[in-house]
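Participant: Provided herewith is a single structure, encoded as structure tokens, for subsequent inquiry.
The values are calculated or read from the model by the stated rules, or taken from the named source; none is laboratory data. Predicted, not measured: the structure shown is a model, and the values here were computed from it. Glycine also receives a Cβ, built like all others from the backbone with ideal geometry; neighbour counts cover every protein chain displayed. We work out accessible area using only protein heavy atoms, side chains counted, and drop any ligands, DNA or RNA first. Shrake-Rupley method; radii C 1.70, N 1.55, O 1.52, S 1.80 Å.
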Amino acid sequence: MTLVAILLATLAAGIGSVWLAALLMRLGLGGRGDSVGPQHLLSLAAGALLATAFMHLLPEAFESQAGAHDLFATLLVGLVFFFLLDKAELWHHGHEHSHPEPAKHDPAHGHAHSHAGHEGHDHGHAHHHHGPRAGGWAVLTGDSVHCFGDGILIASAFMADIRLGVIAAVSVLAHEVPHHMGDLVVLRQSSPNRRMALVKVSLAGAVTALGGVVGYFLVGQLHDFLPYFLAVASSSFVYVALADLIPQLQKRLTARETIAQIAWLIAGMVVVTLVSGAAHNH
């Protein structure tokens, strides 16, 4: 039963986020001048990730028999590990280098950075010389590695508690949507066929389910280490939110824009709380 739930949740988070991104782009949402811009989507994702890590995953880990000292040490090691993965460009999706003419793609360009979630903002431009075609494959490879990791994290949460798994899947979906918009922009530049771009990103998203299955058996074998898996999942969410999403929101904004940003950040936290309440009642 748990495996079925993991498969459904990882497919919803992995492929669902790609289709939702494509739908938002088709509707014209998420553009820079739009009422719901990339900054808002990033704020929402950051709020969801932080709430999931601090309000759900970590409390669950600390309710176990594992010692607080060991769990904090795991959290610290996890943060350093994701930083190193980011450095190695395995946890990032550098889109920037595939945007030779950002002006033309203004509506979606805001997402090129989006989910720098695992994507260096700066180290992306080291690849400028690759041109768009190479960029497409670089994006898909980074995506697949990242989605596989997400799958394992979602599976760890499900193994602890079904409700926790649902919350983790929702936050993964939230932070993958703005990121996948950037991927679609990049792939549409490297090939004129829009449908193919969607298929390629969807296949990368489907790797989340593969990670979920691997995570199910891995965590099943190492059940005693579950609290540590949850601490690692938390470190991933915290790293993405604080190192990648929030720095993009720290631009000088008008008071009104700042209030909107904070409202969306809180909205992300509220969404996670509502999902948690619904799953709990269920």
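Participant: Output yes when any residue across segment 60-78 is open to solvent by 30 Å² or more (accessible area, probe 1.4 Å), within 24 Å of residue 275 (Cβ to Cβ) and either at pLDDT below 70 or assigned to a helix (DSSP H, G or I) (or both), and no when none is.
Facilitator: yes
Participant: From the list 258, 273, 254, which residue is among the polar types (S, T, N, Q), within 14 Å of residue 43 (Cβ to Cβ) and more than 17 Å from the chain's Cα centre (by Cα)?
Facilitator: Exactly one residue qualifies, and that residue is 258.
Participant: Is it true that some residue in segment 191-209 is without any contact (Cβ under 8 Å) to a residue 60 or more places away in the chain, surrounded by 24 or more Cβ atoms within 10 Å (Cβ to Cβ) and more than 30 Å from residue 65 (Cα to Cα)?
Facilitator: no
Participant: Turning to a different aspect of this structure: Looking at this structure, is residue 170 of a type in the set (A, V, I, L, M) and over 22 Å from residue 239 (Cα atoms)?
Facilitator: Details: of a type in the set (A, V, I, L, M): yes; over 22 Å from residue 239 (Cα atoms): no.
No: the conditions fail for residue 170.
Participant: Further question: For segment 263-282, enumerate the residues that are touching a Gly at 6+ places or on another chain (Cβ under 7 Å) and open to solvent by less than 50 Å² (accessible area, probe 1.4 Å).
Facilitator: Residues satisfying the conditions are 265, 267, 268.
Participant: Looking at this structure, is residue 156 buried (at least 22 other Cβ atoms within 10 Å of the Cβ), at pLDDT 90 or above and over 17 Å from residue 2 (Cβ atoms)?
Facilitator: Criteria not met by residue 156.
Participant: Exactly one of (1) more than 13 Å from residue 167 (Cβ to Cβ); (2) modelled with pLDDT of 90 or more; (3) of a type outside the set (Ser, Thr, Tyr) is unmet by residue 272. Its number?
Facilitator: Evaluating residue 272 over (1) more than 13 Å from residue 167 (Cβ to Cβ); (2) modelled with pLDDT of 90 or more; (3) of a type outside the set (Ser, Thr, Tyr) leaves (1) as the failure.
Participant: Something else now. Being open to solvent by less than 50 Å² (accessible area, probe 1.4 Å) and free of Cβ contacts under 8 Å to residues at least 60 places away in the same chain is the requirement here; does residue 236 meet it?
Facilitator: no
Participant: Moving on to the next point. With within 18 Å of the chain's Cα centre (by Cα) and of a type in the set (Phe, Trp, Tyr) as the only criterion, which of 229, 225, 217 stands out?
Facilitator: None of the others qualify; the one that does is 229.
Participant: Please enumerate the residues belonging to segment 242-262 that are surrounded by 10 or more Cβ atoms within 10 Å (Cβ to Cβ) and out of contact with any helix residue (DSSP H, G or I) (no Cβ under 9 Å at 6 or more places or on another chain).
Facilitator: 247, 258, 259
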